[in-house]
Each structure stands twice: as C-alpha cells, then as structure tokens.
Amino acid sequence: MNDFAKEKYNKLKNIVDEHIDKYIEIVYPESVYKSMKYSLLAGGKRLRPVMAIETATILGASIEQIIPTAAAIEMLHCQSLIHDDLPCMDNDDFRRGKPTNHKVFGESTAVLAGDALLSFAPKIIIDKTPSSVKPETTLKVLNEFFMAAGVDGIISGQIVDIDSEKKKISKETLDFIYEYKTARLFKLAVRSGAIIAGANEKQLEDLTKFAQYYGHAFQIYDDILDV
C-alpha cells in the first residue's frame, strides 16, 4: 500500500471509528453499553466498513449515505468476534492484544453485548441513513444485512467450523466455511455500498464475485498466519 492509499485508508478508518463512538452512548444499564463499546473500539482494521465506503463512493454515493451501514457492518463483525471468543466457542483470552470481552465484563454480559450489537446495528441503518437514500434502497440493504448475519451467513459458517474442528474435512467443507464465515461479510460490505450507490446488475454481480474471492483469500492468508 503506497502512502496515498495509506492516508486515505486511515482517514476512512477514523471516520468509521468516530461514527461508531457517536452512535453508541453509555446509558443505563451502563454495563452492556460499555461492553459493546469496549470491543468495538478495541482496535481492528475496519476492512469491511472501509470497503463499503469505497464501493459506494466509487459508484457515486456520498460518505454520509453509506456511513451508517458501514458502521453497522462493523458492529455485526464485532458481535461475531465477541461470541467467537466465548468459553463455549474458541475460548480466547485476548483479542487484538487486549483481554477479550468476557474476560473484562463476564461471560453473561459478553453474550448479551453481542446480542445487543446484532439488533442495534440494523437500527442504526434505519435511524441514521439520510433521506437522500430511498426507503426501498435501505430495505434492500437491510435484507443484505440480515442474510449475512443469520443462518444464511456467518452462523452457518461458524457452526460448520465448530463441527469440523480436529477432523479431516473435504475441500467442499473448507470452501463452505470460508464462504459463510468470512466471505459473506465482505459481500455484505461491497454489495451494500453498491446498492446504496444505485449500481446496475452487472456491477453488482462483478463486485459480488470480487468480494467472494477476496474473502476466501483473506481467510487462507489468516489461516497461514495462525499456523
């Protein structure tokens, strides 16, 4: 990444962080909001929201039109990490160099913080998307969000990943895990940006393929680093 790209990336990353911080206020009951905010602002590359912003703006939308959705996508990603780290799942003590959510706030609060983010994120899309985006467009984005967040998305990827631990699996099973656990969120990012920008079917198809290939490559790279 050259200096210009780094500068632009960091600028967009900061915009995402600023909006996430603004969207989540610490109110009663404070513990769950603090738990949500702890994991959201504990670092991270913000690849998915930045990809959503870049896709939307390249196709002619404004940052203001896409930023609520971009922030919501990061909330969904964060929710999956909080739950992945739980003792009943991967049982991790650290995430991004800091104690995991359940280590700081307790297991029950971590579960509820993840649940809260899962429902809080689409509310941000509904409440914060400006009126310059047509309601039917916002509805399409919400459909993309719920598809990626549910059993048609990252949940299926996670369950197959858990079922495959310490087993010799087929390439088809591995591809399924990569597709549903990782690529689906990248697809959500680029497709949401494209939809908000009014992309045509050909553009949407091409961007979906790009996100799929990127997601698989990302997970392969991540697995190699783990080894």
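What's the total number of residues in segment 181-210 that are open to solvent by less than 30 Å² (accessible area, probe 1.4 Å), in contact (Cβ under 8 Å) with a residue 40 or more places away in the chain, farther than 15 Å from Ser80 by Cβ and of a type in the set (A, V, I, L, M, F, W, C)?
6
Residues that are more than 19 Å from Leu204 (Cα to Cα), basic (Lys, Arg) and free of Cβ contacts under 8 Å to residues at least 24 places away in the same chain: does segment 87-98 have at least one?
So far as segment 87-98 goes, no, none of its residues is more than 19 Å from Leu204 (Cα to Cα), basic (Lys, Arg) and free of Cβ contacts under 8 Å to residues at least 24 places away in the same chain.
Out of Ile82, Ile73, Ile67, I need the residue that is modelled with pLDDT of 95 or more, in contact with a Gly (Cβ under 7 Å, 6 or more places away or on another chain) and not basic (Lys, Arg). Which one?
Ile82
For (1) in contact with a Lys or Arg (Cβ under 9 Å, 6 or more places away or on another chain); (2) open to solvent by less than 70 Å² (accessible area, probe 1.4 Å); (3) touching a residue at least 24 places away in the same chain (Cβ under 8 Å), each residue gets a yes or a no:
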| position | (1), (2), (3) |
| --- | --- |
| Asn143 | no, no, no |
| Ile162 | no, yes, yes |
| Ile169 | no, yes, no |
| Tyr178 | no, yes, yes |
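Is it true that Leu59 is more than 13 Å from the chain's Cα centre (by Cα) and either within 26 Å of Lys140 (Cβ to Cβ) or of a type in the set (Val, Ile, Thr) (or both)?
For Leu59, the condition - more than 13 Å from the chain's Cα centre (by Cα) and either within 26 Å of Lys140 (Cβ to Cβ) or of a type in the set (Val, Ile, Thr) (or both) - is met.
Yes/no per residue for (1) out of contact with any His (no Cβ under 9 Å at 6 or more places or on another chain); (2) exposed (fewer than 14 other Cβ atoms within 10 Å of the Cβ); (3) within 16 Å of Leu188 (Cβ to Cβ):
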position	(1), (2), (3)
Asn10	yes, yes, no
Glu18	yes, yes, no
Asp21	yes, yes, no
Glu25	yes, yes, no
Val32	yes, no, no
Tyr38	yes, no, no
Ala52	yes, no, yes
Ser62	yes, no, no
Ile66	yes, no, yes
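Given the criteria farther than 20 Å from Ala183 by Cβ, touching a residue at least 40 places away in the same chain (Cβ under 8 Å) and open to solvent by less than 60 Å² (accessible area, probe 1.4 Å), does Pro122 qualify?
Yes, satisfied.
Being polar (S, T, N, Q) and at pLDDT 95 or above is the filter here, so list the residues in segment 189-221 that pass it.
Of everything in segment 189-221, those that are polar (S, T, N, Q) and at pLDDT 95 or above turn out to be Ser192, Asn200, Gln203, Thr208, Gln212.
The values are calculated or read from the model by the stated rules, or taken from the named source; none is laboratory data. Note that the structure is a prediction, hence the values are computed from the model and not measured. Cβ atoms come from the backbone with ideal geometry, glycine included; neighbour counts cover every protein chain shown. Each accessible area value is taken on the protein alone, full model and side chains, heavy atoms only, with ligands, DNA and RNA left out. Shrake-Rupley method; radii C 1.70, N 1.55, O 1.52, S 1.80 Å.
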